[in-house]
Each structure stands twice: as C-alpha cells, then as structure tokens.
1. Output the strands (runs of 3 or more DSSP E) that fall wholly within the range 51-155 and possess 2 or more residues being away from ligand 1 (no atom under 16 Å from the Cβ), or say none.
2. Hey, among Ala211, Ala243, Ala258, which residue is surrounded by 22 or more Cβ atoms within 10 Å (Cβ to Cβ) and in contact (Cβ under 8 Å) with a residue 12 or more places away in the chain?
3. For the structure I just gave you, tell me whether Val407 is within 17 Å of Gln447 (Cβ to Cβ) and touching a strand residue (DSSP E or B) at 6+ places or on another chain (Cβ under 7 Å).
4. Quickly run through the range 199-251 and pick out the residues that are among the hydrophobic types (A, V, I, L, M, F, W, C), closer than 30 Å to Arg65 by Cα and within 26 Å of the chain's Cα centre (by Cα).
5. Can we say Leu318 is free of Cβ contacts under 8 Å to residues at least 60 places away in the same chain and within 23 Å of Arg382 (Cα to Cα)?
6. Counting residues that are touching a residue at least 12 places away in the same chain (Cβ under 8 Å) and either more than 25 Å from Ala131 (Cβ to Cβ) or in contact with a helix residue (DSSP H, G or I) (Cβ under 8 Å, 6 or more places away or on another chain) (or both), which strands (runs of 3 or more DSSP E) fully inside the range 347-448 reach at least 1?
7. I want to confirm something. Restricting to the range 131-154 and keeping residues that are away from ligand 2 (no atom under 15 Å from the Cβ) and aliphatic (A, V, I, L, M), which single residue is surrounded by the most Cβ atoms within 10 Å (Cβ to Cβ)?
Amino acid sequence: MENESSETGQPGESGETWAAGGPGDSWRTLAAAQQPDWPDRREAAAATRWLTQAPPLVLAAECDRLRERMAAVARGEAVLLQGGDCAETFGEATSQGVRGKLRTLLQMAVVLTHATALPVVKVGRMAGQYAKPRSSPVESRDGLTLPSYRGDAVNGAAFTEEARTPDPWRMRRMYEASATTLNLVRALTTGGFADLRQVHDWNKGFVAGSAAGRRYERIADEIDRTLAFMQACGVGLGELTSAEFFVGHEGLLLDYEAALTRPEGETGRSYAASGHLLWIGERTRDLDGAHVEYFSRIANPIAVKLGPTASADDVLGLIDRLDPAREPGRLTLVVRAGADRVRDVLPTLVEKVTAEGARVCWVSDPMHGNTFTAPSGHKTRRFDAVLDEVRGFMEVHHALGTHPGGVHVELTGDDVTECVGGGNAVRTEDLAQRYETACDPRLNHDQSLDLAFLLAEMYRE
Ligand code: PEP
Ligand code: MN
C-alpha cells in the first residue's frame, strides 16, 4: 500500500458532505465497469469519507456557465476545443507541465477563433484526468501477471506488485493534484499569461520555426492585422488579457465522483464538484450500467464517447437517459470512429439525432480510433490519420447542414515523440526518443498547432 493508508485527517468542516444513499449513490446497485478492486474496503470507505468532507474543486455556477457556452456550441454559435493528456500523472502536476498544455491550448484557440469568427470554448483535459479504463484487467510480462495500470488515481505504472496494487488513498492525491493544477490554471488564465498579444507572438514564433510554416503565414498575418486594426481604433484590449477556461475529465472512478458530488443549495440539483465537464468513455456507456445512472443525476454539462460500433439506438437511448429535457449544452457526443469509419457511421447517427429533436453538441475525437502499434512496440497514431478523421467529421456535418462543434484531442505542450508525422515530422524511428505518455500517445506542441492551423483551413472551406 502507498504511504497514506493510515491517513485520517479531515480537510475541515465544509458542511457540504454528501450523505450516502443520496442521488449521487443511486448507481451503487448497478454493474460498474472498469472499477478498481480495492484490497481493503474499510480503507476505501475511509478515503471516500475524506473526500466527502473536502471543499468542491469547481462550483455549480461555473458548471452552469459552461453549460451555457456549450449551448452556443449546440446552436452552431461557438466551437469547443478540448485537450490535454490521455492520463495525467501526479508527478507532472507541475508548473511547467500545466503551463505547456495551457499555452498550447490557448495558441490553438486563437487560430480557431480567427478562422471561425466564433467564440472558442476552451476545456482542458486536465485537473482530474487520473483514472483510465483498460482493455484487460491484468498485464503479463516475462511470466509475471499483475493488475493493469488504471491511472495514478488507482495504482502506480511501475510493473511491480507493490505499485500495481490499488490504493484508495490515491484518490486523495488525485483531489490534491487536481486542486494544484486547477489553481495554476485559474491563476495563469487570469494573470496575464493568456494575453492575446502574447499568445499571438507565440504563434508567430511557431510559424517562423515550422517546416510547414509558410502555409500558415497567411492566417498568422491576418491575425496580426486584426490586432493592429483594433489597437488603431482604440478598442480597449483589456478584454483580451484573460481567457475563460474550464476543466474536464472522464468520470470513470465512481467512488471518487460520488464522494465529490455536491447538492447546490437553491435548486436542489447535484453537481460533480470534481470538474466542470465530465464524460463517459466508450467502454462505460452501457445504458443499464452504473456510469450512465450516475451521470443522469448530476447537472454538469456532460459528454459521451461514441466508437465505431455505436448504433443510432444506443445514441437515442443515451439522449433519453442523459438529456431527457433536451436542453442545449447539456450533452455532447464525442465521435471517435476512426479515420476509415467516420464517413460511414456518422451520417446515420447525426440524422437520427437531428430527427429526434435533440440539440446536442457534436465533437470529434480524432485520436482514439486511430491507434496502432509501431514495429518498435510503441503505441502510436499518425498525424495524417488524425487529420483525416477530423476532415471526415467536417464533411459529414457540411453535407447534412449540421454544426461540426469542435475537437477533443490528446496533447501536451512538450516536444515529445509519441505520434508520427506533422509539419516538423516525427518519424517512426524517432518514437523512442521522447515517448513519455503514461497511457495513449499525444500530439506534441508543434503537432497540436499544425492541427489548429489545418482545422482553421477546414472551417473556412
Ligand atoms: C480516453 O479518452 O483516453 C479514452 C479511453 O477514450 P475512449 O473512451 O474514447 O476509448
Ligand atoms: Mn486516451
């Protein structure tokens, strides 16, 4: 067990505890896929009790504001940009790690805002992305079989029995790492780091240093001229010195989410206080399962991942359970069909959902349907496949007259070599150089900006 198994300290009397047996617990009688097998139930109960006493990480009013922003996405009046690590780690909840991701997302957002002339709703896949679904509960190496790594919220990545044994006190560390990250995000987005002129200067640096930069020069020049024009007109640039930024993660670990569910005083609605936007993964969207039940009881804006096998009936069932009031901004459908399938499977889903009258946001996750193993053994993705899936997603929406609501990507601000291709191309033989992800391969800083500029072109076509 990890160091804190005897921890009993409470973070203080918040008066906002969630009573067991309340609406946040109705999932407990249902099958919950992808949950850890805590070795000691009493320790797990003690850890979740600690969490029930902890202050919320986000407030209901912030979640409501994001729901309003997502309603604009659903109406075709805004675009979502969501990104961050596949799996955050406690070790990477550092100033440098958070700054890098934030900076990358802000740079992408400026390009997309200019290209679409729409507000870009920015959501980090950050400050809570610590629990992972796995295709197998165990992993074998050299004759030894151990539990799979399920994210830092559950166990350690090292292939030892000690590290891989689930430790419920890691949920406290998840809370604390999320709080640290969120604090930095809040400070950076309001403290000058997000100033549009600075972000644009970073973009000019990227264009100048990129092998594909000439192609992006026109967009960068246009942004330059727009900024100069505004300044010349005496438009107050005060508005542009901060950015509205939200955080979200997969709401996988139900012990954690339930313990951080808080009622909102006046309305009686409950909110997941662990992040603004939570999503249900492809492996846990069973209509009769615990995750759909839990998500049906929280008032946050939520999302569901849809893989290539999702049927129209599955999707209509999810809408009935998760958005019975057909409230724009409540539900986002994140399509991750794969570049080779998206053009086949998406039209029917969009048509049926539109016919149903639901006002959902449609978002593309061009990462998870395009993963393969390179000869070196590294799990990777081709930048061209990522781009092709987004293009397919856009084509389907253009053909049907619906709004391509944005993208959800795995990225980092670092110069890693995890996905192949891009303007400053990473080659298959480069993968070993800086392969640092705790789970799936991420776009590096340059590849992320390549994606933003190419997406900008697609939105303007
Ligand atoms: C993920 O987002 O890291 C993930 C596991 O995605 P999916 O549920 O779409 O497979
Ligand atoms: Mn992933």
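Read-outs: derived from the displayed coordinates by stated rules, not from any lab. Only a predicted model underlies this, so the values are computations on that prediction, with no experimental measurement involved. Positions of Cβ are generated from backbone atoms using ideal geometry, with glycine treated the same way; all protein chains shown enter the neighbour counts.
1. 120-124, 138-141, 144-147
2. Unique residue meeting the criteria: Ala258.
3. Here the answer is yes, as Val407 does meet what is asked.
4. Listed by number, the residues that qualify are Val199, Trp202, Leu240, Ala243, Phe245, Phe246, Val247.
5. no
6. So the answer is 361-364, 379-381, 406-410.
7. Result: Val154.
One line per residue, one yes/no per condition, for (1) out of contact with any Asp or Glu (no Cβ under 6 Å at 6 or more places or on another chain); (2) under 30 Å from Glu282 (Cα atoms); (3) assigned to a helix (DSSP H, G or I):
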position: Met174; (1), (2), (3): yes, yes, yes
position: Ser178; (1), (2), (3): yes, yes, yes
position: Thr181; (1), (2), (3): yes, yes, yes
position: Lys204; (1), (2), (3): yes, no, yes
position: Arg225; (1), (2), (3): yes, no, yes
position: Ala228; (1), (2), (3): yes, no, yes
position: Ala243; (1), (2), (3): yes, no, no
position: His249; (1), (2), (3): yes, yes, no
position: Asp255; (1), (2), (3): yes, yes, yes
